[in-house]
Amino acid sequence: MGPPSVASCRTRCDTRRFALGLACVVITTLIALLSPWILKYAVDDLHQGVTRAKLGCTRRCSSDRSHRGFFRFLMRQIIIGASRDIEYDFANDFFKTLQACRSRTSTRGGPAT
(Lines give C-alpha, C1' and ligand atoms only; values in the text may rest on other atoms or scores of the structure.)
Protein backbone atom coordinates (compact mmCIF):
# COMPACT_ATOMS: atom_id res chain seq x y z
CA MET A 1 0.00 0.00 0.00
CA GLY A 2 1.16 3.48 -0.80
CA PRO A 3 1.00 6.58 1.34
CA PRO A 4 -2.42 7.55 2.64
CA SER A 5 -4.35 9.78 0.31
CA VAL A 6 -5.77 13.15 1.24
CA ALA A 7 -9.28 11.70 1.06
CA SER A 8 -8.51 8.96 3.58
CA CYS A 9 -6.96 11.52 5.97
CA ARG A 10 -10.07 13.66 5.64
CA THR A 11 -12.29 10.65 6.25
CA ARG A 12 -10.39 9.73 9.41
CA CYS A 13 -10.63 13.30 10.69
CA ASP A 14 -14.35 13.46 9.91
CA THR A 15 -14.90 10.07 11.54
CA ARG A 16 -13.26 11.34 14.72
CA ARG A 17 -15.45 14.44 14.69
CA PHE A 18 -18.62 12.42 14.13
CA ALA A 19 -17.59 10.02 16.93
CA LEU A 20 -17.11 13.00 19.25
CA GLY A 21 -20.51 14.34 18.16
CA LEU A 22 -22.05 10.93 18.83
CA ALA A 23 -20.51 10.93 22.31
CA CYS A 24 -22.14 14.31 22.94
CA VAL A 25 -25.48 12.89 21.74
CA VAL A 26 -25.16 9.98 24.19
CA ILE A 27 -24.20 12.27 27.11
CA THR A 28 -27.10 14.64 26.31
CA THR A 29 -29.51 11.70 26.19
CA LEU A 30 -28.23 10.28 29.48
CA ILE A 31 -28.62 13.64 31.19
CA ALA A 32 -32.13 13.95 29.75
CA LEU A 33 -32.98 10.49 31.11
CA LEU A 34 -31.64 11.35 34.57
CA SER A 35 -33.55 14.62 34.78
CA PRO A 36 -36.97 13.13 35.74
CA TRP A 37 -35.34 11.05 38.49
CA ILE A 38 -33.65 14.09 39.99
CA LEU A 39 -36.96 15.97 39.87
CA LYS A 40 -38.76 13.01 41.47
CA TYR A 41 -36.38 13.02 44.43
CA ALA A 42 -36.69 16.80 44.72
CA VAL A 43 -40.49 16.63 44.91
CA ASP A 44 -40.39 13.73 47.37
CA ASP A 45 -38.01 15.67 49.60
CA LEU A 46 -40.25 18.74 49.55
CA HIS A 47 -43.09 16.76 51.11
CA GLN A 48 -40.90 16.21 54.17
CA GLY A 49 -39.95 19.86 54.58
CA VAL A 50 -37.27 22.17 53.20
CA THR A 51 -33.80 22.13 54.73
CA ARG A 52 -30.39 23.34 53.61
CA ALA A 53 -29.35 19.82 52.62
CA LYS A 54 -32.39 19.47 50.40
CA LEU A 55 -31.62 22.68 48.55
CA GLY A 56 -28.73 20.77 46.96
CA CYS A 57 -31.33 19.08 44.81
CA THR A 58 -32.23 22.46 43.35
CA ARG A 59 -28.59 22.94 42.40
CA ARG A 60 -28.55 19.49 40.83
CA CYS A 61 -31.64 20.32 38.77
CA SER A 62 -30.17 23.58 37.50
CA SER A 63 -26.77 22.04 36.80
CA ASP A 64 -28.57 19.24 34.97
CA ARG A 65 -30.18 21.80 32.67
CA SER A 66 -26.96 23.70 32.06
CA HIS A 67 -24.95 20.53 31.35
CA ARG A 68 -27.62 19.27 28.98
CA GLY A 69 -27.59 22.59 27.12
CA PHE A 70 -23.80 22.63 26.94
CA PHE A 71 -23.55 19.12 25.49
CA ARG A 72 -26.42 19.77 23.08
CA PHE A 73 -24.56 22.88 21.87
CA LEU A 74 -21.34 20.88 21.43
CA MET A 75 -23.20 18.11 19.63
CA ARG A 76 -24.71 20.52 17.13
CA GLN A 77 -21.50 22.48 16.59
CA ILE A 78 -19.38 19.38 16.00
CA ILE A 79 -21.77 17.47 13.75
CA ILE A 80 -22.87 20.48 11.70
CA GLY A 81 -19.25 21.66 11.35
CA ALA A 82 -18.10 18.24 10.16
CA SER A 83 -20.94 17.95 7.64
CA ARG A 84 -20.18 21.44 6.27
CA ASP A 85 -16.52 20.52 5.85
CA ILE A 86 -17.48 17.33 3.99
CA GLU A 87 -19.84 19.28 1.73
CA TYR A 88 -17.12 21.87 1.07
CA ASP A 89 -14.61 19.14 0.17
CA PHE A 90 -17.08 17.44 -2.18
CA ALA A 91 -17.82 20.73 -3.93
CA ASN A 92 -14.10 21.48 -4.33
CA ASP A 93 -13.42 18.01 -5.74
CA PHE A 94 -16.34 18.38 -8.14
CA PHE A 95 -15.16 21.77 -9.42
CA LYS A 96 -11.58 20.50 -9.79
CA THR A 97 -12.94 17.70 -11.97
CA LEU A 98 -14.94 20.19 -14.03
CA GLN A 99 -11.88 22.40 -14.50
CA ALA A 100 -9.79 19.41 -15.55
CA CYS A 101 -12.45 18.45 -18.11
CA ARG A 102 -12.54 22.01 -19.42
CA SER A 103 -8.77 22.24 -19.73
CA ARG A 104 -8.66 18.92 -21.65
CA THR A 105 -11.35 20.23 -24.01
CA SER A 106 -9.53 23.51 -24.65
CA THR A 107 -6.20 21.78 -25.36
CA ARG A 108 -7.81 19.62 -28.07
CA GLY A 109 -8.94 22.67 -29.98
CA GLY A 110 -12.56 22.50 -28.92
CA PRO A 111 -14.63 25.45 -27.83
CA ALA A 112 -13.15 27.19 -24.81
CA THR A 113 -15.79 29.43 -23.31
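The values are calculated or read from the model by the stated rules, or taken from the named source; none is laboratory data. As the structure is a computational prediction, the values presented were derived from the model and not from experiment. For neighbour counting, all protein chains shown are included, and Cβ atoms are generated from backbone atoms with ideal geometry for every residue, glycine included.
Give the range 34-57 a look and list any residue that's outside any helix (DSSP H, G or I) and either of a type in the set (A, V, I, L, M, F, W, C) or in contact with a strand residue (DSSP E or B) (Cβ under 6 Å, 6 or more places away or on another chain) (or both), or say none. Across the range 34-57, the qualifying residue is only Val50.
No other residue among Thr97, Thr105 is β-branched (Val, Ile, Thr) and modelled with pLDDT of 75 or more apart from Thr97. Please find, among Arg76, Arg65, Arg60, the residue that is part of a helix (DSSP H, G or I), in contact with a helix residue (DSSP H, G or I) (Cβ under 9 Å, 6 or more places away or on another chain), of a type outside the set (Gly, Ala, Ser) and modelled with pLDDT of 85 or more. Within the list Arg76, Arg65, Arg60, the selection yields Arg76.
Just to be sure, is Ile31 part of a helix (DSSP H, G or I), of a type in the set (A, V, I, L, M, F, W, C) and at pLDDT 85 or above? It is true that Ile31 is part of a helix (DSSP H, G or I), of a type in the set (A, V, I, L, M, F, W, C) and at pLDDT 85 or above.
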